[in-house]
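Novice: Just passing along the structure, written as structure tokens.
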Amino acid sequence: MARRIVDRLFRILDKGQRGGGRVPVLPAPVLGTDFGSSSLEATMMRLETPRLTIIALTVQQMRWQRDDFGRLERAVGLAVSGQRLEDELRPIVSRAISHMRRRPYHVHWHCQWAAVLKEESRIIGSLAFKGPPDRDNAVEIGYGFDPFYHNRGLATEAVAEMVRWALEDDSVEAVIAETANTNVASMRVLQKVGFVISSATDRFLYWKIGGEGSF
Ligand SMILES: CC(C)(COP(=O)(O)OP(=O)(O)OC[C@H]1O[C@@H](n2cnc3c(N)ncnc32)[C@H](O)[C@@H]1OP(=O)(O)O)[C@@H](O)C(=O)NCCC(=O)NCCS
């Protein structure tokens, strides 16, 4: 189910244009367990790469991502660009917010991470882990970048940093990813980061970095 949503999102993202108002965003996983209300508003983590700042969005920031993108941009220190979240992605962000509130101890495995291009002070992509470590201690990563900025190595830079960050966590042994076997760009990103193919179907490839046999 979650994978189908991701695939659909990425088909949407493929059609996006800079300035057309589309903002890449990924769904949080569909998970349960009520944990009461969260105190996540103060949790603002940033990862740095040479060209990008990657910001883990808080619950409040994700509300703004959904309802008032300019306010999100201001909140993270950016000028208002006029971008907005595509309407059909709003329920997905709402679900992600709900998961973050229910599982504050797993917030960084559920939230959207906004990739800001430093030289333009603009959000150009989004990454997310699709939930906390599974029973094999693996987290799955997904990502989407504004087509205007493709093929500049930016997704590779961001994914590499997210993988590095995840593998530093004691509860994580591997990062996994799924690509359609037609998605050459995404496959190339994963190859460049160091993922290897762990299994395949007639339509999808399953990738892994870390864990037994690698790293
Ligand atoms: C996948 C995606 C994030 C890559 O973003 P990006 O910033 O362009 O990625 P990078 O520039 O780091 O790397 C892209 C690589 O793919 C290569 N590539 C892109 N299209 C290609 C094609 N049609 N054939 C062969 N190689 C291709 C680029 O040349 C580059 O490789 P190189 O550095 O060896 O030249 C972006 O295409 C995207 O957002 N796609 C839609 C969402 C999506 O598919 N997400 C992943 C789902 S698993």
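Novice: Being over 14 Å from Leu57 (Cα atoms) and aliphatic (A, V, I, L, M) is the filter here, so list the residues in segment 115-136 that pass it.
Specialist: Scanning segment 115-136 gives Leu117, Ile124.
Novice: Hey, any hits in segment 185-208 for a residue that's within 9 Å of the ligand (Cβ to nearest atom) and among the small types (Gly, Ala, Ser)?
Specialist: yes
Novice: Okay, moving on. Anything in segment 163-184 that is closer than 22 Å to Asn137 by Cα, in contact with an Asp or Glu (Cβ under 8 Å, 6 or more places away or on another chain) and within 13 Å of the ligand (Cβ to nearest atom)? List them, or say none.
Specialist: Val175, Ile176, Ala177, Glu178
Novice: Would segment 105-113 turn up any residue that is buried (at least 23 other Cβ atoms within 10 Å of the Cβ) and either among the charged types (D, E, K, R) or within 11 Å of the ligand (Cβ to nearest atom) (or both)?
Specialist: no
Novice: Can you say whether Ile141 is in contact (Cβ under 8 Å) with a residue 24 or more places away in the chain, closer than 19 Å to Gln61 by Cα and surrounded by 22 or more Cβ atoms within 10 Å (Cβ to Cβ), as far as the supplied structure shows?
Specialist: No; evaluated as a whole, the condition is false for this residue.
Novice: With the requirement that a residue be assigned to a loop (DSSP other than H, G, I, E, B) and in contact with a Pro (Cβ under 9 Å, 6 or more places away or on another chain), what does segment 65-89 give you?
Specialist: Within segment 65-89, no residue meets the criteria.
Novice: Hey, another quick one. Give the residues of segment 114-137 that are within 18 Å of Thr179 (Cβ to Cβ) and near the ligand (Cβ under 10 Å from one of its atoms), sorted by residue number.
Specialist: Gly125, Ser126, Leu127
Novice: With the condition kept exactly as written, say whether any residue in segment 93-103 is surrounded by fewer than 14 Cβ atoms within 10 Å (Cβ to Cβ) and modelled with pLDDT under 95.
Specialist: No, segment 93-103 contains no residue that is surrounded by fewer than 14 Cβ atoms within 10 Å (Cβ to Cβ) and modelled with pLDDT under 95.
Novice: Would you be able to tell me the number of residues in segment 138-159 that are more than 9 Å from the ligand (Cβ to nearest atom) and out of contact with any strand residue (DSSP E or B) (no Cβ under 7 Å at 6 or more places or on another chain)? Before you say what the answer is, go through the steps one by one.
Specialist: Applying the first criterion (more than 9 Å from the ligand (Cβ to nearest atom)) to segment 138-159 yields 138-140, 148.
Next, from what is left, pick out any that are out of contact with any strand residue (DSSP E or B) (no Cβ under 7 Å at 6 or more places or on another chain): 148.
Qualifying residue count, segment 138-159: 1.
Novice: Among the listed residues Ile55, Ile92, Ile97, which satisfies the condition of being of a type in the set (Val, Ile, Thr), within 16 Å of the ligand (Cβ to nearest atom) and outside any loop (DSSP other than H, G, I, E, B)?
Specialist: From the options Ile55, Ile92, Ile97, the qualifying one is Ile92.
The values are calculated or read from the model by the stated rules, or taken from the named source; none is laboratory data. The structure displayed is predicted, hence computed values, not measured ones. Heads up, the Cβs are rebuilt from the backbone with ideal geometry, glycines too, and the neighbour counts pull from every protein chain shown.
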